[in-house]
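The values are calculated or read from the model by the stated rules, or taken from the named source; none is laboratory data. Just so you know, these numbers come straight off a predicted model, no measurement behind them. A quick note on method: Cβ atoms are made from the backbone with ideal geometry, for glycine too, and the neighbour counts reach across all protein chains shown.
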Amino acid sequence: MHLAYRVITSPLFNMGLTHRYLEAFKAADKDGSGTLTRSELKSVLTSRGIPISEIDNLMNQLDLNGDGIITLGEYKIALGISTQPLEAWRELFEELDKDQSGSIEVAELKHFLDDANMDSLVPVLDDWIADYDVNKDGKLQYREFLGFIATLED
């Protein structure tokens, strides 16, 4: 195995990279809110010579739930430094989306909670979906689901 491969896949290297990513987030968060606005992102990227045309693209990639704000959790998930890989969250979403419609509805979550013997959580499902349902259609699309997952990473 090549030395370069061993170095970049080592836990120590990855911890250092993660630390740099987190420091970059903190540095960009000018108001100390724990989130990044488009304005903060634009400020840091233009100061590093990134073209304005790339900012919207990057904002879309980092703002997982599409609410116009990048949380630390969204940032960590988008950069692959979260506790679980993005693929694991995609698999969970697809498991919850029983009818494969591309969204999770209250009935699907009720079914999941019943199967998991967690039916005591059923009364709060409507409120939970409302909290993360950015487009207010009564269900969670994948990006909105990631918005919830991001709160677990904050």
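What number of residues within segment 14-45 satisfy the criterion of being loosely packed, with under 13 Cβ neighbours inside 10 Å and among the hydroxyl-bearing types (Ser, Thr, Tyr)? Residues meeting the conditions: 2. Can we say residue 97 is in contact with a strand residue (DSSP E or B) (Cβ under 7 Å, 6 or more places away or on another chain) and within 24 Å of residue 125 (Cβ to Cβ)? Yes, satisfied.
Only a single item in (1) surrounded by 14 or more Cβ atoms within 10 Å (Cβ to Cβ); (2) among the β-branched types (Val, Ile, Thr); (3) more than 19 Å from residue 34 (Cα to Cα); (4) not assigned by TED's automatic domain parsing to the domain that holds residue 25 is not met by residue 55, and it is number (4).
When 42, 98, 26, 76 are screened for being basic (Lys, Arg) and within 17 Å of residue 147 (Cβ to Cβ), only 76 passes.
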